[in-house]
Amino acid sequence: MRDVMSPDAERQRAVVDVFADLAGRAGYGHLMSPILEDLGVFLRVGESTDVVTKEMYDFEDKDGQRIAMRPELTASVVRAFVQHNPTNLPWKIWYEGPQFRHEKPQAGRYRQFSQVGIEVLGSDDPHVDVEVIALGWRFYEALGMRQVSLLMNSLGDESCRPAYLEALTRYLLDRRTDLSERSQETLDKNPLRVLDSKRREDQAIIAEAPLMVDFLSEETGEHFAAVRAGLEALSIPYEISPRLVRGLDYYTRTTFEFASTALTNAQNAVGGGGRYDGLAESLGGKPTPGIGFALGVDRILLACDDEGCFPEPATAPEVMVLDLVGGSEAIVLTDQLREAGFRADRTFDGRSMKAQMKVADRSDAPWVLIVGEDELAQGQVTIRDMQGDAGQTTIDRGDVITELKTRLGA
Ligand code: AMP
């Protein structure tokens, strides 16, 4: 696992701020759920997926309870929904935070990574699907990302998925020995996931496999058509990706993925989600439709780097205070600057003027205020332009705030 250092950490937080603003304006409340869950929460939703069976960090706690560090948040959110039973439906929430998966770390794939997401429980209106997908789309737009494609599929529901699974399983079993060893294993546990294989030897078989879209019941087909019509009304472009299946078992009907075409490696998925109309019930709640998405903050920022958008927020101070006298003057001046709203930092340790100037230089602060013996005696401060050609002058101590405001404004 890695440390996210400044200024990358500030940039991650700025992404979350953009997301929180969008979600808040769209009527989503913030949910902060625990990082640890009872292991059963995830076992019940993803028994046949790698995320749950191979990649989860789980352990026994001091009471002997089996605990998992969350590998994703949808299951936690639905667990919270079942537990608190909110009556105001649809229940719309957004979240952000770290997820944990024991994967082989590589560019864009980490063992601890950060996601933002939303979930809506209590309505299967296709306009909810449209709202959810559109919010993801608008978020990428707000970050300045232009090279994002939206891939859509419908995975059907209990009215049509069993017939499709039967056809798919029959098709794959007939070609079993030609599949990669890994896909043969997947076939026994979850035939749908074979479609997600990127292995070369599987590709020809996958290309000819029966497609869910050809098996959709009338109702599911109409639901999917209504979702697509809504996206078209919003001028949000999408591609139908009939082999798109997602990493967890619980998805039904609308599923989607956001891919960055700016990211050229295999890790180009910057987000994904879908409907999970059976999940609340499998976690012990009343049958409740639901839909949501999770977007990967780390990977989004890699894509932003490639697109040249959403730069790091400024972390350099606007002003640096140099203390040549000791005593309390520099403490008081720095405090006043911060109280007045400036990003203000100062030197410590009473070193030479030259050494302190070096610190100021390295800080990238455009302005330096020098507290020296003479200045202190005359109730003045020296102000120095570090990046322009205004040079160095002394100003009255009482004018510092207004003077700095003018200079930074200019
Ligand atoms: P998932 O929950 O697998 O659908 O993931 C949703 C999004 O989280 C993906 O589209 C990625 O952007 C991001 N993501 C998933 N796994 C990782 C990881 N190991 N490292 C970084 N980002 C990830």
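Summary table below
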item	result
Helix 297-307 axis, angle to the chain major axis (alpha carbon atoms, nearest 10°)	70
Rounded to 10°, Cα long-axis angle of helix 161-174 versus longest principal axis of the chain	80
Degrees separating the helix 8-25 axis from the principal Cα axis of the chain, which is the longest one	60
Candidates 324, 36, 211: whichever shows maximal mean-square fluctuation once the chain is modelled as a Gaussian network with Cα springs under 10 Å	324
Three semi-axes of the equivalent ellipsoid, the range 319-409, Cα gyration tensor, whole Å, largest first	17, 16, 13
Order of 67, 383, 133 - criterion: other Cβ atoms within 10 Å of each residue's Cβ, fewest first	67, 383, 133
Relative contact order %, the range 319-409, counting alpha carbon pairs below 8 Å whose residues are six or more apart	27
Burial ordering of 38, 3, 129, fewest other beta-carbon atoms within 10 Å first	3, 38, 129
Neighbour-limited loop hits for GluC sites (Glu not before Pro), the range 99-206 (at most 11 other Cβ within 10 Å; DSSP other than H, G, I, E, B)	158
Convex hull volume per residue for the range 149-286, taking Cα atoms only, in Å³	128
Relative contact order (percent, whole number), the chain, Cα cutoff 8 Å, 6+ residue spacing	16
Cα centroid separation, the range 288-356 to the range 133-148 (Å)	27
Cα-based shape type of the chain, given that a ≥ b ≥ c are square roots of the gyration tensor eigenvalues and the cut on a/c is 1.5	prolate
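Throughout, read-outs are computed from the coordinates displayed, never taken from laboratory work. None of these values were measured; they are calculated from a predicted model. Virtual Cβ from ideal backbone geometry, glycine too; neighbours counted across all protein chains shown.
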